[in-house]
1. In the list Leu230, Leu210, which residue meets the criterion of being within 14 Å of the ligand (Cβ to nearest atom) and within 18 Å of Arg286 (Cα to Cα)?
2. Could you give me the residue pairs with C-beta distances under 8 Å whose first residue belongs to region 34-59 and is farther than 16 Å from Leu410 by Cα and without any contact (Cβ under 8 Å) to a residue 24 or more places away in the chain, whose second residue is surrounded by 17 or more Cβ atoms within 10 Å (Cβ to Cβ) and among the hydrophobic types (A, V, I, L, M, F, W, C) wherever it lies, and which are 6+ apart or on separate chains?
3. Can you name the number of the only condition in (1) of a type in the set (A, V, I, L, M); (2) touching a strand residue (DSSP E or B) at 6+ places or on another chain (Cβ under 9 Å); (3) more than 25 Å from Ala425 (Cα to Cα); (4) surrounded by 19 or more Cβ atoms within 10 Å (Cβ to Cβ) that Ala64 fails?
4. So which residues in region 34-51 are part of a loop (DSSP other than H, G, I, E, B) and either under 22 Å from the mean Cα position of the chain (by Cα) or within 16 Å of the ligand (Cβ to nearest atom) (or both)?
5. Got a number for residues in region 411-437 being touching a residue at least 60 places away in the same chain (Cβ under 8 Å) and not in a loop (DSSP other than H, G, I, E, B)?
6. Over 22 Å from Arg331 (Cα atoms) and not in a loop (DSSP other than H, G, I, E, B): which single residue out of Glu90, Glu109, Glu134, Glu114 fits that description?
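Computed from the coordinates by the stated procedures, all read-outs in this text should not be read as laboratory data. Remember, it's a predicted structure, so these values are computed and weren't measured experimentally. FYI the Cβ positions are ideal-geometry reconstructions off the backbone, even for glycines, and counts take in every protein chain you see.
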Amino acid sequence: MATQTVPLAASKILRAYAEKTPRSQALHARAMKVLPNGVTHAARYLEPHPVYVTRAAGSRKWDADGNEYVDYFGGHGALILGHNHPAVVEAVTAQFARGSHYGAAHELEIEWAELIQQMVPSAARVRFTSSGTEATHLALRLARAFTGRNKIVRFAGHFHGWHDHVAFPPGGAEGIIPGIVEEVLFANPGDVRRVEELLSTRDDIAAVILEPTGAAMGAIPTSSDALRELREITSRQGVLLIFDEVITGFRCSPGGAQQLYGIMPDLTTLAKILAGGHPGAAVAGRSDVMALLDYRNSGAGILPPRIPHHGTFNAAPISAAAGVATLKQVRDTAAIDSANRTAAAIRDGMNAILERRGLRWCVYGLFSEFHIFPGAATPQDIYAGRVPWQKLKGGSPAAFLHKLRAGLLLHGVDIVGWPGGLVSAVHTPEDVRLTLDAFDATLEMMAAEGEW
Ligand code: PMP
């Protein structure tokens with residue numbers, strides 16, 4: 001018999017979580033007086049309050065009350081090696097002693113770019129930025145200048161940061177200039193036919209941009225067949241194909257989704273793992289497109305680049321040191337395999353718990369991530385496109401998500417709001433065991449509150 005759903009304000013899950021995290025609660029009250037919503041990133045917002053973390057190591061982090069968590073936020077996906085990996089700590093510490101900003105060229109930025117060129121198949125040339133948002137911003141501008149066209153094709157649900165060209169769903173959003181909204185054309189996730197129709201009937205499209213494994217690291221999966229078709233269609237029409245590998249880069253494989261699937265985009269955006277847990281990102285790609293960033297030294301003297309590009313912290317030495325250390329680990333160790341295996345164990349274990357509880361939901365994913373889908377479906381249904389994409393990302397009620405996240409925190413696990421998580425190379429079998437216990441206990445509490 002279905003119980004009446006308990007509202008957030010009366011939820012025992014949220015109350016128990018609040019009782020376990022009084023210092024976080026106090027810090028949040030202070031934060032609310034100075035930070036909008038008390039947080040600094042939309043994804044960190046949590047009812048009744050987020051945890052305030054004071055320390056992290058490996059796969060764990062600790063809050064202001066000393067509670068320990070298995071961490072699947074993973075630095076928003078930046079920490080494939082976990083927190084404070086010794087190789088990264090050593091590189092960063094040594095670099096700190098040598099200076100954090102030279103306002104000058106330095107050797108580490110070359111080494112960093114060389115590693116990217118070596119690992120990422122389409123990276124003929126590399127330009128560093130400070131964030132993934134800046135990288136997609138620059139990539140789109142390069143594509144427009146290179147093709148002399150203005151329009152961009154995006155897939156609904158795919159995330160590319162928060163600058164004006166990418167920070168709105170179909171139809172626009174407050175604060176975005178209507179003229180920019182008009183320059184962006186949408187396709188539904190995986191709708192290759194729609195892209196084909198757009199590209200074959202219009203001559204004003206500069207680029208198609210997408211997350212190659214699908215929206216939110218594959219929450220709405222994109223198949224490799226679709227990628228291959230997109231490559232053919234864009235090549236045929238002279239439209240640039242941009243893979244946003246900010247999250248898939250150095251995670252799906254050492255060379256990202258493009259290496260795994262053997263598909264070469266024209267431009268790639270990279271961030272997160274790229275800079276080993278520090279701020280840093282890049283646009284990489286075809287030499288002829290990236291040449292738009294070159295100074296031109298001709299008979300007319302030295303002319304500025306066709307696309308000028310600045311950024312105080314581009315290739316900042318600390319980020320470069322962390323990035324070089326991290327990429328070498330990804331290249332030279334079994335880090336990716338290890339993270340993939342652990343994520344598979346989490347998905348299998350969670351699915352077994354769902355089955356035992358008679359819930360027909362599923363937990364899915366292909367790499368070092370897991371996506372929790374609280375609806376009747378199997379992973380096969382999701383990968384075959386039998387579940388409406390609108391349900392796969394942002395389809396759960398907010399109250400349900402807050403209970404799930406707070407319940408897992410109460411039991412010592414921090415996930416992201418997809419809902420799901422990012423797994424690192426240093427998560428252990430013990431972490432998996434704790435995670436599965438926490439998942440089971442949270443489901444028990446949610447069932448008692450009539451959440452299904
Ligand atoms: N693209 C993708 C695919 C991302 O996952 C993100 C970050 N979540 C971004 C772009 C934006 O990167 P940043 O947060 O570094 O601006």
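1. Details: Leu230 fails: within 14 Å of the ligand (Cβ to nearest atom).
Checking each option against the conditions leaves just Leu210.
2. Pairs found: Gly38/Ala31; Val39/Ala31; Thr54/Ala64.
3. (4)
4. From region 34-51, those part of a loop (DSSP other than H, G, I, E, B) are 34-35, 39-41, 45-51; that's our starting set.
Scanning region 34-51 gives Val39, Thr40, His41, Tyr45, Leu46, Pro50, Val51.
5. Here is the first cut: in region 411-437, the ones touching a residue at least 60 places away in the same chain (Cβ under 8 Å) are 412-418, 420-429, 431-432, 434-436.
After this cut, where a residue has to be not in a loop (DSSP other than H, G, I, E, B) as well, the list is 413-414, 416, 420-422, 429, 431-432, 434-436.
Number satisfying all stated conditions: 12.
6. Details: Glu90 fails: over 22 Å from Arg331 (Cα atoms); Glu109 fails: over 22 Å from Arg331 (Cα atoms); Glu114 fails: over 22 Å from Arg331 (Cα atoms).
It is Glu134.
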